[in-house]
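What follows is a set of notes on a single structure, which appears directly below.
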Amino acid sequence: MSLMDYFKECAHQQERYSYEVPLTRQQIANLTGLCVETVIRTVKKMEQEELVKINGRHIMY
C-alpha cells in the first residue's frame, strides 16, 4: 500500500480509484521483495476491503 501511495502522490491524484497503478504484479513483487503470489493475494484482499479496484488487469487506487 505504501508503494501505491507513493506513486499516487507523485501523480498528484487524491480521489479514490482515480489512479491506475502503472506496475504489473511482478514489478510490485520485485520492488517490495515479495513473491508474486503474495502480491496477488494482498491485492485481492485490498479489493475486498475496498482499498483498490481491479479493472480487468489494471489496479485502480
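The values are calculated or read from the model by the stated rules, or taken from the named source; none is laboratory data. The structure displayed is predicted, hence computed values, not measured ones. We place every Cβ from the backbone using ideal geometry, glycine too, and count neighbours over all the protein chains shown. Only protein heavy atoms, including side chains, enter the accessible area calculation; ligands, DNA and RNA are left aside. Shrake-Rupley method; radii C 1.70, N 1.55, O 1.52, S 1.80 Å.
Residues in the range 31-43 that are under 16 Å from Met60 (Cβ atoms) and among the polar types (S, T, N, Q): Thr42 alone. The residue that is surrounded by the most Cβ atoms within 10 Å (Cβ to Cβ), among those in the range 1-30 that are at pLDDT 95 or above and more than 14 Å from His58 (Cα to Cα), is Ala29. Among the residues of the range 41-56 satisfying the criterion of being assigned to a helix (DSSP H, G or I) and open to solvent by 70 Å² or more (accessible area, probe 1.4 Å), which is farthest from Ser2 (Cα to Cα)? It comes out as Gln48. Taking residues in the range 1-25 that are assigned to a loop (DSSP other than H, G, I, E, B), and partners anywhere that are at pLDDT below 90 and basic (Lys, Arg), the pairs with Cβ atoms closer than 7 Å and at least 6 places apart or on different chains are Tyr19/Lys8. Residue pairs whose Cβ atoms lie under 7 Å apart, separated by 6 or more positions or on different chains, with the first residue in the range 38-61 and of a type in the set (Asp, Glu) and the second open to solvent by less than 60 Å² (accessible area, probe 1.4 Å) and assigned to a strand (DSSP E or B), are Glu47/Ile54.
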